[in-house]
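A short worksheet on the structure shown next.
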Amino acid sequence: MNRVVRGWFTAAAAFALASVVMGAVVCATQSGASCPNWPGCYLDQFLPTPAAGLSTNPLIEFAHRVVAGLTGPVVLVTAILGRRLSDPRPRRLAWVALAGTLSAGLFGMLIVKVGIPWWLGVLDLGSALVATAALIQARVLLDRPCWAPDRVARTAWAALGTLVLLHLSALGVAGTNSFTRCLGWPLGVLDADRWPVVQGLRLALAVAAAALIVLAVAGALRRGGLVVPATVAALLLAAELLLAVVLLLGVGSVAVRAVYAVDAAGLFGAVAVLAARASVTGAPVGASAPQKAVAG
(Lines give C-alpha, C1' and ligand atoms only; values in the text may rest on other atoms or scores of the structure.)
Protein backbone atom coordinates (compact mmCIF):
# COMPACT_ATOMS: atom_id res chain seq x y z
CA MET A 1 0.00 0.00 0.00
CA ASN A 2 1.35 3.38 -0.97
CA ARG A 3 2.43 5.35 2.09
CA VAL A 4 1.33 8.56 0.41
CA VAL A 5 -2.25 7.32 0.06
CA ARG A 6 -2.29 6.16 3.67
CA GLY A 7 -0.94 9.49 4.78
CA TRP A 8 -3.66 11.41 2.95
CA PHE A 9 -6.41 9.20 4.37
CA THR A 10 -4.98 9.75 7.86
CA ALA A 11 -4.79 13.50 7.33
CA ALA A 12 -8.34 13.63 5.93
CA ALA A 13 -9.77 11.79 8.95
CA ALA A 14 -7.81 14.03 11.32
CA PHE A 15 -8.97 17.22 9.59
CA ALA A 16 -12.59 16.08 9.54
CA LEU A 17 -12.55 15.35 13.28
CA ALA A 18 -10.66 18.59 14.00
CA SER A 19 -13.34 20.53 12.11
CA VAL A 20 -16.03 18.98 14.32
CA VAL A 21 -13.98 19.77 17.44
CA MET A 22 -13.44 23.39 16.39
CA GLY A 23 -17.13 23.76 15.58
CA ALA A 24 -17.91 22.60 19.10
CA VAL A 25 -15.53 25.20 20.54
CA VAL A 26 -17.09 27.97 18.42
CA CYS A 27 -20.57 27.06 19.64
CA ALA A 28 -19.62 26.70 23.31
CA THR A 29 -17.79 30.04 23.34
CA GLN A 30 -20.49 31.77 21.26
CA SER A 31 -17.87 32.85 18.75
CA GLY A 32 -19.94 32.22 15.63
CA ALA A 33 -21.09 35.83 15.18
CA SER A 34 -17.74 37.39 16.02
CA CYS A 35 -16.65 37.25 12.37
CA PRO A 36 -19.73 38.65 10.63
CA ASN A 37 -18.34 38.38 7.11
CA TRP A 38 -17.29 35.37 5.01
CA PRO A 39 -14.71 34.21 4.01
CA GLY A 40 -12.92 37.15 5.58
CA CYS A 41 -13.67 38.06 9.17
CA TYR A 42 -14.88 41.63 8.53
CA LEU A 43 -16.05 43.61 5.51
CA ASP A 44 -12.91 45.76 5.50
CA GLN A 45 -10.47 43.25 6.97
CA PHE A 46 -9.83 39.60 6.13
CA LEU A 47 -8.03 38.52 9.30
CA PRO A 48 -8.98 39.18 12.92
CA THR A 49 -6.17 41.35 14.27
CA PRO A 50 -4.97 40.50 17.78
CA ALA A 51 -4.75 43.57 19.96
CA ALA A 52 -4.73 44.46 23.61
CA GLY A 53 -8.14 43.83 25.10
CA LEU A 54 -9.48 42.15 21.96
CA SER A 55 -11.79 39.21 22.56
CA THR A 56 -10.48 35.81 21.50
CA ASN A 57 -13.84 34.95 19.90
CA PRO A 58 -12.93 36.21 16.40
CA LEU A 59 -9.70 34.21 16.57
CA ILE A 60 -11.61 31.07 17.56
CA GLU A 61 -14.15 31.50 14.77
CA PHE A 62 -11.48 32.22 12.17
CA ALA A 63 -9.40 29.22 13.30
CA HIS A 64 -12.47 27.06 12.76
CA ARG A 65 -12.86 28.47 9.25
CA VAL A 66 -9.23 27.72 8.45
CA VAL A 67 -9.54 24.11 9.63
CA ALA A 68 -12.87 23.61 7.85
CA GLY A 69 -11.54 25.32 4.72
CA LEU A 70 -8.52 23.00 4.60
CA THR A 71 -10.63 19.91 5.24
CA GLY A 72 -12.37 20.11 1.86
CA PRO A 73 -9.20 20.16 -0.29
CA VAL A 74 -7.55 17.46 1.83
CA VAL A 75 -10.57 15.15 1.47
CA LEU A 76 -10.74 15.92 -2.27
CA VAL A 77 -7.10 14.95 -2.79
CA THR A 78 -7.71 11.84 -0.68
CA ALA A 79 -10.70 10.81 -2.81
CA ILE A 80 -8.72 11.33 -6.02
CA LEU A 81 -5.74 9.34 -4.75
CA GLY A 82 -8.12 6.67 -3.52
CA ARG A 83 -8.92 5.80 -7.12
CA ARG A 84 -5.61 3.94 -7.16
CA LEU A 85 -6.85 1.49 -4.53
CA SER A 86 -7.95 -1.96 -5.59
CA ASP A 87 -10.41 -2.18 -2.68
CA PRO A 88 -13.53 -0.18 -3.65
CA ARG A 89 -14.71 0.36 -0.06
CA PRO A 90 -12.18 3.04 1.00
CA ARG A 91 -12.67 4.73 -2.37
CA ARG A 92 -16.43 4.95 -1.92
CA LEU A 93 -16.15 6.06 1.68
CA ALA A 94 -13.77 8.85 0.64
CA TRP A 95 -16.30 10.18 -1.89
CA VAL A 96 -19.09 9.94 0.69
CA ALA A 97 -16.88 11.93 3.05
CA LEU A 98 -16.19 14.51 0.35
CA ALA A 99 -19.92 15.02 -0.21
CA GLY A 100 -20.42 15.44 3.53
CA THR A 101 -17.49 17.84 3.84
CA LEU A 102 -18.66 20.04 0.98
CA SER A 103 -22.20 20.02 2.35
CA ALA A 104 -21.02 21.08 5.80
CA GLY A 105 -18.85 23.80 4.25
CA LEU A 106 -21.80 25.18 2.27
CA PHE A 107 -24.04 25.26 5.33
CA GLY A 108 -21.26 26.91 7.33
CA MET A 109 -21.08 29.73 4.79
CA LEU A 110 -24.86 30.15 4.81
CA ILE A 111 -24.91 30.34 8.62
CA VAL A 112 -22.64 33.39 8.47
CA LYS A 113 -24.20 35.00 5.41
CA VAL A 114 -27.94 34.60 5.94
CA GLY A 115 -28.51 32.19 8.83
CA ILE A 116 -30.26 28.86 8.47
CA PRO A 117 -33.19 27.16 10.23
CA TRP A 118 -32.51 24.44 12.76
CA TRP A 119 -33.38 21.61 10.37
CA LEU A 120 -30.64 22.74 7.98
CA GLY A 121 -28.35 22.88 10.98
CA VAL A 122 -29.15 19.19 11.47
CA LEU A 123 -27.97 18.53 7.90
CA ASP A 124 -24.85 20.61 8.56
CA LEU A 125 -23.79 18.71 11.68
CA GLY A 126 -24.95 15.37 10.27
CA SER A 127 -22.81 15.85 7.17
CA ALA A 128 -19.73 16.57 9.29
CA LEU A 129 -20.28 13.56 11.56
CA VAL A 130 -20.90 11.19 8.63
CA ALA A 131 -17.79 12.45 6.84
CA THR A 132 -15.68 11.90 9.95
CA ALA A 133 -16.93 8.36 10.57
CA ALA A 134 -16.56 7.45 6.88
CA LEU A 135 -12.95 8.60 6.74
CA ILE A 136 -12.05 6.80 9.96
CA GLN A 137 -13.49 3.55 8.63
CA ALA A 138 -11.78 4.05 5.26
CA ARG A 139 -8.42 4.57 6.93
CA VAL A 140 -8.83 1.43 9.05
CA LEU A 141 -9.74 -0.62 5.98
CA LEU A 142 -6.44 0.32 4.36
CA ASP A 143 -4.60 -1.60 7.08
CA ARG A 144 -7.04 -4.45 7.71
CA PRO A 145 -9.34 -5.01 4.72
CA CYS A 146 -11.08 -8.11 6.10
CA TRP A 147 -14.55 -6.90 7.15
CA ALA A 148 -15.92 -9.17 9.87
CA PRO A 149 -17.86 -7.22 12.53
CA ASP A 150 -18.53 -9.17 15.71
CA ARG A 151 -20.66 -8.39 18.75
CA VAL A 152 -18.22 -5.73 19.97
CA ALA A 153 -18.30 -4.01 16.58
CA ARG A 154 -22.08 -4.10 16.36
CA THR A 155 -22.38 -2.68 19.86
CA ALA A 156 -19.90 0.10 19.04
CA TRP A 157 -21.75 0.97 15.83
CA ALA A 158 -25.03 1.07 17.77
CA ALA A 159 -23.39 3.44 20.25
CA LEU A 160 -22.13 5.63 17.41
CA GLY A 161 -25.57 5.77 15.81
CA THR A 162 -27.13 6.68 19.14
CA LEU A 163 -24.58 9.47 19.57
CA VAL A 164 -25.49 10.84 16.13
CA LEU A 165 -29.19 10.90 17.06
CA LEU A 166 -28.33 12.48 20.42
CA HIS A 167 -26.35 15.33 18.88
CA LEU A 168 -28.62 15.99 15.91
CA SER A 169 -31.78 16.09 18.02
CA ALA A 170 -30.21 18.83 20.15
CA LEU A 171 -30.57 21.30 17.30
CA GLY A 172 -34.31 20.69 17.19
CA VAL A 173 -34.99 21.31 20.88
CA ALA A 174 -32.48 24.09 21.55
CA GLY A 175 -33.88 27.55 22.13
CA THR A 176 -32.26 30.74 20.88
CA ASN A 177 -28.58 30.84 21.92
CA SER A 178 -29.13 27.87 24.25
CA PHE A 179 -26.09 25.77 25.13
CA THR A 180 -28.17 22.73 24.18
CA ARG A 181 -27.45 23.45 20.50
CA CYS A 182 -23.73 22.85 21.08
CA LEU A 183 -22.19 19.42 20.78
CA GLY A 184 -22.62 17.74 24.14
CA TRP A 185 -24.81 15.46 26.18
CA PRO A 186 -28.17 16.73 27.52
CA LEU A 187 -28.15 18.51 30.86
CA GLY A 188 -31.88 18.26 31.48
CA VAL A 189 -34.72 20.47 30.28
CA LEU A 190 -33.37 24.03 30.23
CA ASP A 191 -35.70 27.04 30.43
CA ALA A 192 -34.39 28.38 27.12
CA ASP A 193 -35.26 25.18 25.24
CA ARG A 194 -38.46 24.03 23.57
CA TRP A 195 -40.23 20.69 23.31
CA PRO A 196 -39.51 19.27 26.80
CA VAL A 197 -40.84 15.87 25.73
CA VAL A 198 -38.17 15.59 23.04
CA GLN A 199 -35.56 16.70 25.54
CA GLY A 200 -36.73 13.85 27.76
CA LEU A 201 -36.20 11.46 24.86
CA ARG A 202 -32.69 12.87 24.48
CA LEU A 203 -31.99 12.01 28.10
CA ALA A 204 -33.06 8.43 27.33
CA LEU A 205 -30.76 8.44 24.30
CA ALA A 206 -27.90 9.59 26.52
CA VAL A 207 -28.48 6.71 28.94
CA ALA A 208 -28.62 4.26 26.01
CA ALA A 209 -25.45 5.70 24.47
CA ALA A 210 -23.55 5.46 27.75
CA ALA A 211 -24.68 1.86 28.28
CA LEU A 212 -23.71 0.85 24.74
CA ILE A 213 -20.30 2.49 25.05
CA VAL A 214 -19.65 0.69 28.33
CA LEU A 215 -20.66 -2.64 26.79
CA ALA A 216 -18.49 -2.02 23.72
CA VAL A 217 -15.51 -1.03 25.85
CA ALA A 218 -15.92 -4.05 28.12
CA GLY A 219 -15.98 -6.40 25.13
CA ALA A 220 -13.10 -4.60 23.40
CA LEU A 221 -10.83 -4.88 26.43
CA ARG A 222 -11.08 -8.66 26.10
CA ARG A 223 -9.94 -8.53 22.48
CA GLY A 224 -6.42 -8.00 21.30
CA GLY A 225 -5.66 -4.78 19.45
CA LEU A 226 -8.60 -2.78 20.80
CA VAL A 227 -7.27 -1.76 24.21
CA VAL A 228 -6.16 1.72 23.17
CA PRO A 229 -9.37 2.92 21.43
CA ALA A 230 -11.48 1.26 24.15
CA THR A 231 -9.51 2.95 26.93
CA VAL A 232 -9.70 6.35 25.22
CA ALA A 233 -13.46 5.99 24.74
CA ALA A 234 -13.91 4.99 28.39
CA LEU A 235 -11.88 7.93 29.68
CA LEU A 236 -13.71 10.44 27.48
CA LEU A 237 -17.09 9.06 28.55
CA ALA A 238 -16.10 9.36 32.21
CA ALA A 239 -14.89 12.92 31.60
CA GLU A 240 -18.13 13.88 29.82
CA LEU A 241 -20.26 12.57 32.68
CA LEU A 242 -18.06 14.29 35.28
CA LEU A 243 -18.22 17.59 33.41
CA ALA A 244 -22.01 17.24 33.15
CA VAL A 245 -22.17 17.03 36.97
CA VAL A 246 -19.94 20.11 37.22
CA LEU A 247 -22.21 22.07 34.89
CA LEU A 248 -25.34 20.94 36.71
CA LEU A 249 -23.80 22.18 39.97
CA GLY A 250 -23.69 25.65 38.47
CA VAL A 251 -20.04 25.90 37.39
CA GLY A 252 -20.99 27.05 33.92
CA SER A 253 -17.94 29.04 32.86
CA VAL A 254 -17.15 29.37 29.17
CA ALA A 255 -14.00 27.28 29.63
CA VAL A 256 -15.90 24.40 31.24
CA ARG A 257 -18.55 24.49 28.53
CA ALA A 258 -15.90 24.49 25.84
CA VAL A 259 -14.15 21.47 27.38
CA TYR A 260 -17.53 19.72 27.67
CA ALA A 261 -18.23 20.26 23.96
CA VAL A 262 -14.72 19.25 22.90
CA ASP A 263 -14.92 16.10 25.00
CA ALA A 264 -18.23 15.18 23.31
CA ALA A 265 -16.60 15.59 19.89
CA GLY A 266 -13.60 13.54 20.96
CA LEU A 267 -15.85 10.82 22.36
CA PHE A 268 -17.66 10.59 19.03
CA GLY A 269 -14.31 10.17 17.26
CA ALA A 270 -13.10 7.58 19.78
CA VAL A 271 -16.25 5.48 19.42
CA ALA A 272 -15.97 5.74 15.63
CA VAL A 273 -12.39 4.44 15.80
CA LEU A 274 -13.45 1.64 18.15
CA ALA A 275 -16.31 0.60 15.85
CA ALA A 276 -14.08 0.71 12.78
CA ARG A 277 -11.24 -1.24 14.39
CA ALA A 278 -13.60 -3.84 15.87
CA SER A 279 -15.16 -4.44 12.44
CA VAL A 280 -11.97 -5.71 10.80
CA THR A 281 -9.77 -8.70 11.48
CA GLY A 282 -6.40 -10.08 10.46
CA ALA A 283 -2.87 -8.75 10.58
CA PRO A 284 -2.15 -5.27 9.22
CA VAL A 285 -1.41 -5.09 5.50
CA GLY A 286 2.33 -5.35 4.94
CA ALA A 287 3.03 -6.99 8.28
CA SER A 288 5.54 -9.79 7.99
CA ALA A 289 4.35 -13.26 8.84
CA PRO A 290 5.84 -14.76 11.98
CA GLN A 291 8.85 -16.93 11.21
CA LYS A 292 8.96 -20.49 12.41
CA ALA A 293 11.79 -21.41 14.71
CA VAL A 294 14.48 -23.48 13.04
CA ALA A 295 16.14 -26.14 15.12
CA GLY A 296 19.86 -25.70 15.27
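Extension gain Arg83-Ser178, at 0.36 nm per residue separation less the Cα-Cα distance, in nm?
Length gained between Arg83 and Ser178: 29.9 nm.
Roughly how many Å² of Val197 are accessible to a 1.4 Å probe, to the nearest 10?
Counting only protein heavy atoms, the figure is 110 Å².
Taking all protein chains together and a probe of 1.4 Å, list His64, His167 from the most accessible to the least accessible.
Descending order: His64, His167.
Taking the alpha-carbon centroid of each part, what is the distance from the stretch 1-70 to the stretch 189-248 in angstrom?
If you average the Cα positions of each part, the centres end up 27 Å apart.
Run the 1.4 Å probe and let me know the accessible area of Val254, rounded to the nearest 10 Å².
90
Mean-square fluctuation check for the chain, GNM, Cα pairs under 10 Å: which of Gly105, Gly175, Gly252 is largest?
Gly252
Amide H of Thr281 versus every other amide H placed in the peptide plane: which residues, excluding those fewer than 5 positions away on the same chain, fall under 5 Å?
Cys146, Ala148
Please work out the FRET efficiency for the pair Arg154 and Val245, using the Cβ-Cβ distance as r and a Förster radius of 22 Å; give the result to the nearest 0.05.
With R0 = 22 Å, the Cβ-Cβ based efficiency is 0.15.
Using a Gaussian network model of the chain whose springs link C-alpha atoms within less than 10 Å, name the residue from Leu129, Leu43, Leu141 with the highest mean-square fluctuation.
Highest fluctuation among the options: Leu43.
Helix 3-28: angle to the longest alpha-carbon principal axis of the chain, degrees 0 to 90, nearest 10?
30
Which of the cysteines in the chain are isolated, no other cysteine C-beta under 4.7 Å?
By the Cβ distance rule, which asks for a partner under 4.7 Å, the isolated cysteines are Cys146.
Roughly how compact is the stretch 31-183, stated as its Cα Rg over 2.2 N^0.38 Å to two decimals?
1.22
For the chain, modelled as a GNM with alpha-carbon contacts under 10 angstrom, which of Thr281, Thr101, Thr29 fluctuates the most?
So, out of Thr281, Thr101, Thr29, the one fluctuating most is Thr281.
For the stretch 113-243, what D do you get in µm² per second when you plug the Kirkwood radius from alpha-carbon pairs into Stokes-Einstein at 10 °C and 1.306 mPa s?
Rounded to a whole number, D works out at 98 µm²/s.
Quick one: 3J(HN,Hα) in Hz for the stretch 143-151, Karplus 6.51/-1.76/1.60 with θ = phi - 60°, rounded, Gly and Pro as x.
Once θ is set to phi - 60°, the couplings for the stretch 143-151 become 8, 9, x, 7, 8, 8, x, 10, 4 Hz.
Enter the accessible area of Tyr42 (Å², nearest 10), with the probe set to 1.4 Å and all protein chains included.
60
Let me check against my output: what whole-number percent is the relative contact order of the chain, with C-alpha pairs under 8 Å and at least 6 apart?
The normalised contact order for the chain reaches 23 percent.
The values are calculated or read from the model by the stated rules, or taken from the named source; none is laboratory data. Nothing here was measured: the structure is a model prediction, and the numbers come from that model. No Cβ is skipped: glycine too gets one built from the backbone with ideal geometry, and neighbour counts run over all protein chains shown. Just so you know, the surface numbers come from the protein's heavy atoms only, side chains and all, with ligands and any DNA or RNA stripped out. Shrake-Rupley method; radii C 1.70, N 1.55, O 1.52, S 1.80 Å.
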